[in-house]
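The values are calculated or read from the model by the stated rules, or taken from the named source; none is laboratory data. Note that this is a predicted model, so its numbers are computed, not measured. Cβ: placed from backbone, ideal geometry, glycine included. Neighbour counts: every protein chain shown. These area figures cover heavy atoms from the full protein model, side chains too; ligands, DNA and RNA do not enter into them. Shrake-Rupley method; radii C 1.70, N 1.55, O 1.52, S 1.80 Å.
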Amino acid sequence: MTGSLVLKGGRVLDAGGGRDGDVAISGGRIVAIGPDLSGDRVLDAGGCVVAPGLVDLHAHLRQPGHEEAETIETGSRAAALGGFTAVVAMPNTEPAIDGAGVVREVQELGRTALCDVFPAGAITLGRAGHRLAPMAEMAELGVRMFTDDGAGVQDNGLMRRAMEYAAGLPRPVVLAQHCEDGALCGGGHMHEGEWSSRLGIAGQPAEAEELMVMRDIALARLTGARTHFQHLSTAGSLSMVRAARGGGLAVTAEATTHHFTLTHAACASYDPVYKVNPPLRTDADVAAVRQGLAEGAIDAIATDHAPHTQEAKEQPFDEAPPGMLGLETALALALSELDLPIEGVLALLSWQPAAIAGVEDDHGGPVAEGRPANLCVVDPDHAWTVDPARSASRSRNSPYAGRRLRGRVRHTVLRGEPVVVDGEAQR
Amino acid sequence: MTIADLLSIDDLGGADGIEDVLRLTDSFVEVTERSIPRVPALRGKTVASLFYEDSTRTRMSFETAAKRLSADTMSFSVASSSVKKGESLRDTALTIEAMGVDAIVVRHSSSGAPHRVAGWVDAAVVNAGDGWHEHPTQALLDCYTIRQRLGGLGGLHIMIVGDVKHSRVARSDVAAFSALGAEVTLVAPPTLLPPSLEGWPVRVSHDLDTVLPGADVVYLLRMQQERMTEALLPTLREYTTRYGLSRRRAERLGAGAVVMHPGPMNRGVEIAPEVADLPQAAIIDQVRNGVAVRMAVLYLLLGSGPEKVPTAERLVEQAGVA
């Protein structure tokens, strides 16, 4: 078998369960799973889990427009190092991904990336919240998720129309919302509460997120649109989503790694590395997110990877832009901080988000003969220390510098190509 | 007590640290009353002021304090600087430090800006007011003024009236007054209080008339016109009616009560014009004490005398040493 690759000695794990076996890959696909397989190139997977590649529903790759902070190349390298084989790229670029032209540009740049890049389209033109973006022309090019991420669609009537219109598109799509009521947020830079009051920083209440969650649940009921809630961060949001699902509504939700690992107390340092939107919340909210992940109220862990240059973060807290890196730390944070078995973590980071993003034909498993070889090999016991200086991202704004984590991505395979080997990017 | 920076009242480590500053201020008040109100304590040191927000009075107070300690001063104002050209706060701070300064006095409209500067430079950083957060030297001069008038703060009932939510003075005053044993009551409409008062050692009232008779000190905060556009208040007139210290309200204060204001005053809004000139008003004393308090703070950060709290005599004698 010419050009074949074997992942040797690992435990294969996907939505169907786990079994020991080597995985042989050729022509970009899995060709065999079993004992004692051989190939032209063998990568050791001893002690490791061989799983479907991870899928991030929420990353800011910054291209086009903010290449000083990240490019599709550097962001995809960080993604591959984090075990991701697919990333949904948020449309708050400059210009915004709000039509066929920018969709094509991102797709073109994604062809040489170290993971598959799926652009999300904006719901409104320029993400300005006034007029619908041409969703059909973007859907024709393969766009499966629409969002104005960075801001929520404020106009209730316009959001209703977007949801109604989406139902008539040539392919099924999901409308994803960054839930934040602009008026109630009032320019807040962190969670409104004990710490914002003490630090003298304008806050945004949990209710600013919850109001829009409540509205979109109502609109999803009205229109029947497939609705996805991005980066939910409050206990109240999660209980509403839980109730809506209990009532039979097909809404889905994601939560970020930082919303289950950090609280607003971190802002006491005034270091904008802890400034993010939605903001870091209370201990009770962190507990609710952890519970939501454990009990299934949340379908996916997303990174909300949001690179910013050092200069942008070397400003006072209220002047610095929100956002933190996430692609290289997500899996290890989930394995280290959540009290979940590894199959539970992989469900939240691989097959469940793959289904939400509509990329389940190529990503998220199962690990089976004939399937595309988009895989990650994870050493769940390997301990390491986060060092932002070593990040593959162009930016350094990780809030986890110095944190000791457990679980490392050893190899990542993209359509048969080992893009990460022994923790090193191959290109 | 040695501290590297003065960013918030808590940096002084509670009552003992604050008392040290007040005792040191006594010495500097004595110095400022001499015919040549100057000591050589900080000769050879350089104090830079970095003001991102206009505040002529605070800047003058710090610069006067530095000069009376024989320090060299320089000032960096935003209007004429590279900051307008997009320089980051860190680059500006490092540039100023590179000119050889020993202390940087920072005023900024963003809460926490001095904390960030302190993390980047080796020079001592003094917070001269950051956003809504703190204004520690204002609180120290307030404590000193109250102590001058009433002998101490222990057991006093102090009302802080007005826009607490957006007030750096209020946050520092609450910390300092309560550390020294005063009972602090915040008096404001709910929209002008911080969203959470968890952990604040205060009582709250929305009715000035109810709490006024028991007040030893009434501390009025400056009311800003822009609060009306944010729908925090219906009208300025309604605020003045409910929370302004009118002549009639002032008459209900005890003879020994003290009326204070951090300035600049809006006469006719938070304070009636004639009330500001009553004998109970300590507003000019606050300004006067501000220079001595800031001398004490700069001395504490940069001075190298053998005693923790030197007397005025000793400070004058240090001529040969410095």
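With only alpha-carbon pairs counted, each pair once and no self-pairs, how large is the Kirkwood hydrodynamic radius of the protein assembly as shown in angstroms?
Answer for the protein assembly as shown: a Kirkwood hydrodynamic radius of 28.6 Å.
Provide A:55, B:316 ordered by accessible surface of protein heavy atoms (probe 1.4 Å), highest first.
B:316, A:55
Rounded to a whole number of µm²/s, how large is the Stokes-Einstein D of segment B:184-258 at 37 °C and 0.692 mPa s, given Rh as the Kirkwood radius over C-alpha pairs?
My calculation gives 243 µm²/s for D.
For a Förster distance of 35 Å, can you work out the FRET efficiency between the beta-carbons of residue A:100 and residue A:222, rounded to the nearest 0.05?
0.75
Jot down the per residue volume, in cubic angstrom and as a whole number, of the convex hull over the alpha-carbon atoms of chain A.
Convex hull of Cα atoms, per residue: 122 Å³.
Considering the alpha-carbon set of chain B alone, what are its Rg and its Dmax in angstrom?
For chain B, the Cα radius of gyration and maximum Cα-Cα distance read 19.6, 61 Å.
At what distance in nm do the modelled label points of residue A:291 and residue B:30 sit from each other, each positioned 7 Å from its Cα along Cα→Cβ?
Spacing of the two 7 Å Cα→Cβ label points: 6.3 nm.
Taking 0.36 nm per intervening residue step and subtracting the Cα-Cα distance, what contour gain separates residue A:140 from residue A:184 on full extension?
Difference between extended and current length: 12.2 nm.
For segment B:141-213, what is the convex hull volume of the alpha-carbon atoms per residue, in Å³?
84 Å³
Ordering B:16, A:22 by accessible area with a probe of 1.4 Å, largest first, what comes out?
I get B:16, A:22, largest accessible area first.
Quick one: the Cα spread of segment B:136-285 along its three principal axes, in angstroms, biggest first?
Largest to smallest, the principal-axis extents are 41, 36, 28 Å.
Work out the FRET efficiency for residue A:340 and residue A:161 from their Cβ-Cβ distance, taking R0 = 30 Å, and round it to the nearest 0.05.
My answer for the efficiency is 0.15.
So how far apart, in nm, are the two label points at residue B:278 and residue B:311 if each is 7 Å from Cα heading toward Cβ?
Computed distance between label sites residue B:278 and residue B:311 equals 3.9 nm.
Any idea what the relative contact order of chain A is, in percent, if you count C-alpha pairs under 8 Å spaced at least 6 apart?
Worked out over chain A, it gives 20 percent.
Cα centroid distance between segment A:1-41 and segment B:166-197, in Å?
66 Å
To the nearest 0.05, how large is the calculated FRET efficiency for residue A:125 and residue A:283 if R₀ is 51 Å and r is the Cβ-Cβ distance?
0.80
For residue B:77, project a label point 7 Å along Cα to C-beta. Then give me every residue of segment B:52-66 with its amide nitrogen under 14 Å of that point.
B:52-61, B:63
How would you order A:156-166, B:161-171, B:64-74 from highest to lowest mean count of nearby Cβ atoms within 10 Å?
Highest-to-lowest ranking by the protection proxy: B:161-171, B:64-74, A:156-166.
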